[in-house]
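The structure under discussion appears below in the form of structure tokens.
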Amino acid sequence: MAEGREETLDSALARWEAILRDGTFEQSLGALEEIVQRLEEGQLPLEGTLRCYELGVQMARRCETILDEAELRITRLDDSEQTWDDTPEDEPSF
Amino acid sequence: MSARVVPVALLTSYIRELFDGDPLLADVWVEGEVAETFVSRAGHVYFTLRDTNSQLKCVMFKGFAQRQCLLPKAGDQVAAHGRVSVYERDGAYQLYVDAVQPAGLGILALQRELLRQQLAAEGLFDPARKRPLPPFPRWIGVVTSPEGAVWHDIQIVLRRRYPLAHLILSPSPVQGDAAPEGIVRALQRLQDDGRAEVIIVARGGGSAEDLSCFDDERVVRAVFACRVPVISAVGHETDWTLIDEVADLRAPTPSAAAEMCSPSIVDLAERVVALQIQARNAAMARVESERDRFERLNASLRHNSPGRTLPAVRTRIALARQRLDEQQRRLLSDGRAAVASQCSRLHQAIRADLNRRQERVRLRRAVLAALEPERVLGRGYAILTGEGGQPIVRVMDVSAGQAIAARLADGVVAARVTGADRQPLRAAEVAHG
């Protein structure tokens, strides 16, 4: 998903914004890495730079929030058909 | 026995069938001292095993011989595995060997080594088929006993290290007769569930016999067939079972397995911070470079603004004008000098010309002076004039008896013509000169 070379800034921004809404930690970290790479390449127009940076800050915050709020969850798969889960059904995506 | 005569072949094949139908003879370990080894041209190894009073002919075909670490040589004490059968041509029974191990190992170790060789020959332990682990596993399957410390340790490690994970325990007994089947089913449950991205099969330390279920062929094959990468974590670091060979990754302990399959949250947090700093630095560098560019442009703009350039232009104009003036002045003075020089040359020329003319006048004057009548009279000539004062030039101008005046250098002589003859006279010539 990180084929940044072919991707326009606009489509990358749209993709990152989607990740910012409901991406996993891995996706968020990956997006943050891509953003940094884009910024470090220095090929962006100034407005793109500022937009990327803003998204990068939000993405980093999202990563930190995920890390801060992470709590190990455990499910048990037993031989019988019934499976018990110690976490609610509507668990967050990360 | 029936009263019947049988041919040798029939009896021999009957005996062979007896041997081949015996389960003990089909799978046996025999221990003894090696004697009389011989390798055929085809690569098969023939030897004899013996002890004090007995001996056993053995043959190990090339394919088996090739996978042995240890080939039997005379004098070795070994345990050989294989089946006992009859070689009908020679009417002899012999051990068809598929594995040879040093003597003295327990039967468990021998069995395991035999299985290891078979599975290795099938390619189950091929390093090329080891799969990489996912870098950020969200779902980690664990096959172990829910009662043991192992399950507890794995949770502790992951809670501390990578609480982003979601553990799926697929419980199974990990020792005893029920263990191999239990482990196989537990692996299958995780694959049926489909969420686990990596599976840890774990057990704490124990005796070799306790761990033997992880040498079980069913377990090894189940791990080999598992669609998800498997980490084996059985016993302590020094324990090594066949599941360790077939797993995608072998962890020395269950806690180590939990660490090996997960990134550290501390590292991740540091990475996030580092990326944030990188992002800020890159963005600031970009903004700075824009600012630099702007400032360069701005400076260049100011530099080229009319307010700034006008005085410069004026100066340039003034300078140009000054140079022009100087030029003009120089040209003028050059011109004047040229004119002056021309004038003086003209003056000189005129003067020279004048001088020449004056000289010529002087010369002419001198000539003229030389030709003045008075001067001529001075040289002895006389001017004759008639009574009326008219000059007498020719003879015919006078007649005899005529009074004439002869003017000499210092006065006039009155004279009378005594004769007039038209003869060229010298006097007349003189008077003409």
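Could you work out, residue by residue across A:34-42, how many beta carbons of other chains sit within 10 Å of that residue's beta carbon, and then give the average as an integer?
Working: counts 0, 5, 10, 4, 2, 9, 7, 2, 5.
Rounded to a whole number, the mean comes out at 5.
Which of the aspartates and glutamates could a cross-linker span from B:LYS62 if the Cα-Cα distance has to be under 15 Å and same-chain partners fewer than 8 positions apart are dropped?
B:ASP98
Once the Cα gyration tensor of the stretch B:221-348 is found, what semi-axes does its equivalent ellipsoid get, as square roots of 5 times the eigenvalues, in whole Å, sorted largest first? Before the final figure, lay out each step's value.
Working: eigenvalues 1895, 86, 23 Å².
In descending order, the three semi-axes are 97, 21, 11 Å.
For the stretch B:279-402, rounded, prolate or oblate, judged on the Cα gyration tensor with a ≥ b ≥ c (square roots of eigenvalues), a/c < 1.5 rounded, else prolate if a/b > b/c?
On the way: a/c = 11.52, a/b = 8.62, b/c = 1.34.
Verdict is prolate for the stretch B:279-402.
Taking a ≥ b ≥ c as the square roots of the Cα gyration tensor eigenvalues, with a/c under 1.5 meaning rounded and otherwise prolate when a/b beats b/c, else oblate, which class fits the stretch B:125-253?
Working: a/c = 1.39, a/b = 1.18, b/c = 1.18.
Cα axes put the stretch B:125-253 in the rounded bin.
Calculate the length of the line joining the C-alpha centroid of the stretch A:8-70 to that of the stretch B:15-67, in whole Å.
Centre-to-centre distance over Cα atoms comes out at 69 Å.
What do the square roots of 5 times the Cα gyration tensor eigenvalues come to for chain B, in whole Å, largest first, as semi-axes of the equivalent ellipsoid?
Numbers: eigenvalues 5175, 352, 48 Å².
Taking √(5λ) for each Cα gyration eigenvalue gives 161, 42, 16 Å.
Running a GNM on chain B with Cα contacts under 10 Å, which residue among B:GLN278, B:GLN118, B:GLN358 ends up with the highest mean-square fluctuation?
B:GLN358
Under 5 Å between amide hydrogens, which residues at least 5 positions from B:TYR87 or on another chain qualify, with H placed 1.01 Å from N in the peptide plane?
Here B:ALA92, B:TYR93, B:GLN94 satisfy the definition.
Given just the C-alpha atoms of the stretch B:8-105, how large is their convex hull per residue in cubic angstrom?
On the way: hull volume 10.7 nm³, N = 98.
With only Cα atoms used, the stretch B:8-105 gives 109 Å³ per residue.
Hey, with R₀ at 30 Å, roughly what FRET efficiency would B:VAL266 and B:GLU288 work out to, going by the Cβ-Cβ distance, to 0.05?
Values: r = 32 Å, r/R0 = 1.08.
Calculated value: 0.40.
What number comes out for the charge environment of B:LEU18, summing +1 per Lys or Arg and -1 per Asp or Glu over other residues with Cβ under 15 Å away?
Working: positive: B:ARG16, B:ARG83; negative: B:GLU17, B:ASP20, B:ASP22, B:GLU88.
It works out to a net charge of -2.
Between B:SER305, B:SER289, B:SER344, find the one with the highest GNM mean-square fluctuation for chain B; connect C-alpha pairs within less than 10 Å.
Sorting by GNM fluctuation, first place goes to B:SER344.
Count, for each residue of A:66-73, the Cβ atoms from other chains sitting within 10 Å of its Cβ, then give me the mean as a whole number. Show your work: numbers first, answer last.
On the way: counts 4, 8, 3, 2, 7, 3, 14, 8.
That average works out to 6.
Add -39500 (n - 2.57) for each DSSP H run of 4 or more in chain B, then divide by its residues: what number comes out at 222 nm, to the nearest 500 deg cm²/dmol? Don't skip to the end; give the middle numbers.
Details: 13 runs with 205 residues, N = 433.
So the calculated ellipticity at 222 nm is -15500 deg cm²/dmol.
Taking the Cα centre of the protein assembly as shown as origin, sum charge times position over the Cβ atoms of Lys and Arg (+1) and Asp and Glu (-1), and report the length of that vector in debye to the nearest 20. Don't skip to the end; give the middle numbers.
Numbers: 66 positive and 76 negative charges, 1729 e Å.
Dipole size: approximately 8300 debye.
Compute the distribution of all C-alpha to C-alpha distances in the protein assembly as shown, in bins of 20 Å from 0, and list the percent of pairs in each, rounded to whole numbers.
14, 21, 16, 11, 6, 5, 5, 6, 7, 7, 2, 0
Would you look at the GNM of chain B, springs on alpha carbons closer than 10 Å, and say which of B:LEU24, B:LEU346, B:LEU164 moves the most?
Sorting by GNM fluctuation, first place goes to B:LEU346.
Need the full-extension length gain, B:ASP177 to B:GLU326, defined as separation in residues times 0.36 nm minus the C-alpha distance. One decimal, nm. Before the final figure, lay out the partial values.
Details: separation 149, 0.36 × 149 = 53.64 nm, distance 12.02 nm.
Residue separation times 0.36 nm, minus the Cα-Cα distance, leaves 41.6 nm.
In angstroms, what radius of gyration and Dmax does the stretch A:9-85 have, counting Cα atoms only?
17.4, 60
Read the figures in this text as sums done on the coordinates, not as results from a lab. Being a predicted model, the structure only gives us computed values, none of them experimental. Positions of Cβ are generated from backbone atoms using ideal geometry, with glycine treated the same way; all protein chains shown enter the neighbour counts.
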